[in-house]
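Novice: My questions all concern the structure below.
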Amino acid sequence: MAITTNDAVIAEAVWDADGAGLWAKRIILVILGVMALALCAKVKFPLPPSPVPINLGTFAVLTLGAAYGPRLGLATILTYMLVGFLGFDVFTNSSASNNGWAYMIGGTGGYLGGFVLATVALGVFARMGWDRNVGLMAIAMLVGNIVIYALGVAWLYTMVDAGLFDATKFSSVWQQTLAWGFTPFLIGDVIKIIAAAILLPVLWKIIGAART
């Protein structure tokens, strides 16, 4: 299948603006994006047999990256990180007593860094037109998840190795790291990849139909 380059992303297709209106649009979209990321980070659904519920945070990050494109997506995810750094309870497991920089350099720190890179990656894929095809969008989402896990698991490994290793329950640092930060999330991530792979192309069809 040929991969075509397309400069438009969904945020540009549904809201055309230029000049001062363009900057107003960008500011509004960043604010809305941060609100969506914070809200989705707190949404959880139980998913037996996995001991970890599905969380919509990763889904929101990757979908926003594809919908916003690399530049606006990066601006939004960095603003989201700044809001969290300032102490607001916007992350999945943050709370009134566990937030800000202390939370961000904890066990989930690598995943947060992965969110930034994955957002840009999905934006680039969207620029290439991958968000208009279910199969290509599934591949893009898979790549985004791999980026998140690569940084997240690597960072978590250093945390476990630095003093969190429990030799009474796990045979190695890697076993504990994967049990804490990888294996329980696989089922939920497969579901989210499928959902996003369908959602973005459907939105493009809706946009196309609205213009005809």
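Novice: Evaluate the distance, in nm, between pseudo-label points positioned 7 Å from the Cα of residue 174 and of residue 138 along their respective Cα→Cβ axes.
Specialist: 2.9 nm
Novice: Could you rank 80, 68 by how accessible they are, 1.4 Å probe, largest area first?
Specialist: My answer, sorted largest first, is 68, 80.
Novice: Relative to the first principal axis of the alpha-carbon coordinates of the chain, what is the inclination of helix 20-41, with its axis defined by its Cα atoms, in degrees from 0 to 90 and to the nearest 10?
Specialist: With both axes taken from Cα atoms, the answer is about 30 degrees.
Novice: When Lys and Arg each count +1 and Asp and Glu each count -1, what net charge do the other residues less than 15 Å away from residue 64, Cβ to Cβ, add up to?
Specialist: +2
Novice: Cross-link candidates for residue 192: which aspartates and glutamates have Cα within less than 20 Å, leaving aside residues fewer than 8 places away along the same chain?
Specialist: 131
Novice: Next question, about the same structure. When the chain is modelled as a GNM with alpha-carbon springs shorter than 10 Å, which of 183, 76, 63 fluctuates the most?
Specialist: 183
Novice: Follow-up question, since we're still on this one. Just check the stretch 37-106 against the gyration tensor rule for me: Cα atoms, a ≥ b ≥ c as the square roots of the eigenvalues, rounded for a/c under 1.5, and otherwise prolate or oblate depending on whether a/b exceeds b/c.
Specialist: Here the stretch 37-106 falls in the oblate category.
Novice: According to a simple spin-label model (label point 7 Å from Cα along Cα-to-Cβ), what is the distance in nm between residue 190 and residue 78?
Specialist: 3.7 nm
Novice: So for 165, 91, 125, 45, what's the accessible-area order with a 1.4 Å probe, most first?
Specialist: 45, 165, 125, 91
Novice: Which order do the peptides 109-119, 148-158, 188-198, 93-103 come out in when sorted by mean C-beta neighbours inside 10 angstrom, highest first?
Specialist: My ranking of the peptides, most packed first, is 109-119, 148-158, 188-198, 93-103.
Novice: Whole number in Å², please: accessible area per residue of the stretch 23-175, 1.4 Å probe, ligands, DNA and RNA not counted.
Specialist: I get 48 Å² per residue for the stretch 23-175.
The values are calculated or read from the model by the stated rules, or taken from the named source; none is laboratory data. As the structure is a computational prediction, the values presented were derived from the model and not from experiment. Here Cβ is always computed from backbone atoms with ideal geometry, including for glycine, and neighbour counts include all displayed protein chains. Areas reflect the complete protein model, heavy atoms only, side chains present, ligands, DNA and RNA absent. Shrake-Rupley method; radii C 1.70, N 1.55, O 1.52, S 1.80 Å.
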